[in-house]
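**Q** Structure incoming, see below.
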Amino acid sequence: MSDFFSNIVFEKDDVITFPDGIPGFDGLTDFVLVRIPDQEPFEWLVCTQNPLIRFAVVNPLHILPDYDPKISKEQLSPLAIETPDDLLIYVIITLKPILTESTANCIGPVFINRKKKLGRQIVIDGDRYSVQQPLVGGA
């Protein structure tokens with residue numbers, strides 16, 4: 001059985017660059033967002049340099065409707081955000097065979113400037129959120 005993500009087709013303009021990479025994945029800076037209709041609201045952040053490296057992601061508002069991480073302008077400045085509409089926010093999901101055991105990393109949200117195709121994972125301070133926020137029944 002072939003790997004679905006090894007055969008994805010994308011344009012150069014689809015590539016989102018993470019200049020600082022993603023913590024723990026040094027040297028991997030180029031990713032694309034992949035939507036698979038029957039897996040929504042989940043999406044996949046797939047590394048173009050190595051498609052075996054991919055992260056299930058979701059807009060955190062699907063899990064925590066009042067999600068509001070405290071991020072400074074300085075933390076977001078490398079993304080060159082001009083308007084709020086430029087900004088996408090995701091959390092990385094740890095998928096388990098049983099959905100109710102799956103969790104989201106809500107202390108390390110991923111921010112993407114959809115226009116400039118720049119991304120950054122930012123670790124937020126405090127204990128308001130969890131690195132293992134349940135996807136179901138934990139809001």
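Read-outs: derived from the displayed coordinates by stated rules, not from any lab. Quantities reported herein were computed from a predicted structural model and do not represent experimental measurements. Here the Cβ positions follow ideal geometry from the backbone for every residue, glycine too, while neighbour counts run over all protein chains shown.
**Q** Considering only residues of the range 104-139 that are within 13 Å of the chain's Cα centre (by Cα) and within 18 Å of E40 (Cβ to Cβ), which is surrounded by the most Cβ atoms within 10 Å (Cβ to Cβ)?
**A** A104
**Q** Given (1) in contact with a helix residue (DSSP H, G or I) (Cβ under 8 Å, 6 or more places away or on another chain); (2) surrounded by fewer than 17 Cβ atoms within 10 Å (Cβ to Cβ), identify the lone condition not met by I53.
**A** That leaves (1) as the condition not met.
**Q** Could you say which residue among V9, V91, V110 is without any contact (Cβ under 8 Å) to a residue 60 or more places away in the chain, β-branched (V, I, T) and not in a loop (DSSP other than H, G, I, E, B)?
**A** On the way: V9 fails: not in a loop (DSSP other than H, G, I, E, B); V110 fails: without any contact (Cβ under 8 Å) to a residue 60 or more places away in the chain.
Going through V9, V91, V110 in turn, the sole match is V91.
**Q** One residue is enough: does the range 95-103 have a residue meeting the conditions surrounded by 11 or more Cβ atoms within 10 Å (Cβ to Cβ) and under 19 Å from F31 (Cα atoms)?
**A** no
**Q** Yes or no: I92 under 20 Å from P23 (Cβ atoms) and among the hydrophobic types (A, V, I, L, M, F, W, C)? Give the derivation first.
**A** Working: under 20 Å from P23 (Cβ atoms): yes; among the hydrophobic types (A, V, I, L, M, F, W, C): yes.
Criteria met by I92.
**Q** Follow-up. Report the residue count in the range 43-77 for those that are under 13 Å from Y129 (Cβ atoms), in contact (Cβ under 8 Å) with a residue 24 or more places away in the chain and in a loop (DSSP other than H, G, I, E, B).
**A** 6
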